């Protein structure tokens, strides 16, 4: 399995987990997750972006 495939599975699992909990994943967060899957950003940058989006940084 490639790193891209692994990242895609991790993102899919995280989104699914959020949805099971009744949360909605925003389009902006999905776009950041797509950038992570594509290797444009790393996991630290993904977390930083999401935390900043919700005022948690």
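If you take the residues in segment 1-13 that are without any contact (Cβ under 8 Å) to a residue 12 or more places away in the chain and under 14 Å from residue 33 (Cα atoms), which one is surrounded by the most Cβ atoms within 10 Å (Cβ to Cβ)? Working first, answer last.
Let us first name the residues in segment 1-13 that are without any contact (Cβ under 8 Å) to a residue 12 or more places away in the chain, namely 1-2, 5-6, 9-10, 12-13.
Retained after the next criterion (residues that are under 14 Å from residue 33 (Cα atoms)): 5-6, 9-10, 12-13.
On the way: 5: 10, 6: 11, 9: 12, 10: 14, 12: 12, 13: 10.
The selected residue is 10.
May I ask you to list the residues in segment 17-46 that are farther than 22 Å from residue 2 by Cβ and either surrounded by 10 or more Cβ atoms within 10 Å (Cβ to Cβ) or touching a residue at least 24 places away in the same chain (Cβ under 8 Å) (or both)?
Narrowing segment 17-46 to residues farther than 22 Å from residue 2 by Cβ: 17-29.
If the condition is that a residue be farther than 22 Å from residue 2 by Cβ and either surrounded by 10 or more Cβ atoms within 10 Å (Cβ to Cβ) or touching a residue at least 24 places away in the same chain (Cβ under 8 Å) (or both), then 17, 18, 19, 23, 25, 26, 28, 29 are the ones that fit.
Taking the conditions exactly as written (in a loop (DSSP other than H, G, I, E, B) and out of contact with any strand residue (DSSP E or B) (no Cβ under 8 Å at 6 or more places or on another chain)), does residue 11 satisfy them or not? Spell out how you get there, then give the answer.
Details: in a loop (DSSP other than H, G, I, E, B): no; out of contact with any strand residue (DSSP E or B) (no Cβ under 8 Å at 6 or more places or on another chain): yes.
Answer is no for this residue.
Coordinate-derived values only; no laboratory data. Fair warning: this is a prediction, and the values are worked out from it, not measured in the lab. FYI the Cβ positions are ideal-geometry reconstructions off the backbone, even for glycines, and counts take in every protein chain you see.
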